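Each reported figure results from applying straightforward, stated rules to the coordinates on display, with no laboratory input. As the structure is a computational prediction, the values presented were derived from the model and not from experiment. Cβ atoms come from the backbone with ideal geometry, glycine included; neighbour counts cover every protein chain shown.
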Amino acid sequence: MLVWEWRRILRQKLRSFTPNKPINYHQVSRRRIIVSFVLFFVGWKAFGYTLNDMFLWTVDEQTMQGRFLTPKEGKERREAFERQQDAKLRPTAPIVSKYDLDD
C-alpha cells in the first residue's frame, strides 16, 4: 500500500506543473517562439565554439602543448592552404614598375 501512496503523491506533483486553465493557441505559439529562440541561441553558440576549437586549436610540435592560433596565424594558414589548392592563387613574380607610387 505504501507504493500506491507514493504513486498518488508523485502524480499530484506532476499534475501541479500543468496549468489549471487550458491555454489558447496564441499562448502556445508565443511559448514556442521563445523556446525556439533560446534553443537557436544555445545551438549557435555551441556550433561557434565547436568550429573555433576545430579550426584554431593546434598542438605545438616542439613543446607538445596545445594552444589557440592567433588570428594572423590562422589567416596565414588558410591562405597557404588556398594557394596549395588553387593554381591561380599561387604567387607570381611581382610586376616591376619604373614609377615609385605604382602598386
**Asked** What number, rounded to the nearest 500 deg cm²/dmol, is the helix-based mean residue ellipticity at 222 nm of the chain, given -39500 (n - 2.57) per DSSP H run of at least four residues and division by all its residues?
**Response** -21000 deg cm²/dmol
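For the chain, what relative contact order do you get, as a whole percent, if you take Cα pairs closer than 8 Å and at least 6 residues apart?
9 percent.
Quick one: divide the alpha-carbon radius of gyration of the chain by 2.2 N^0.38 Å and tell me what you get.
2.33
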**Request:** Would you order Leu69, Leu14 from fewest to most other beta-carbon atoms within 10 Å of each residue's own beta-carbon?
**Result:** Leu14, Leu69
**Message:** Per 0.36 nm of contour for each residue apart, how much would the distance between Arg77 and Phe40 grow if the chain were fully extended, relative to their Cα-Cα spacing?
**Reply:** 10.2 nm
**Fill in**
Full extension between Asp86 and Gln27 adds, at 0.36 nm per residue less the Cα distance, a length in nm of 15.8 nm
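Taking the Cα centre of the chain as origin, sum charge times position over the Cβ atoms of Lys and Arg (+1) and Asp and Glu (-1), and report the length of that vector in debye to the nearest 20. Don't skip to the end; give the middle numbers.
Details: 19 positive and 12 negative charges, 309 e Å.
With only Lys, Arg, Asp and Glu charged at Cβ, the dipole is about 1480 debye.
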**Item:** Pair Asn52, Trp6: separation of 7 Å Cα→Cβ label points (nm)
**Value:** 4.5 nm
**Message:** Which one, Gln65, Ile9, Phe47, is farthest towards the positive end of the dipole of the chain when Lys and Arg carry +1 and Asp and Glu -1 on their Cβ?
**Reply:** Ile9
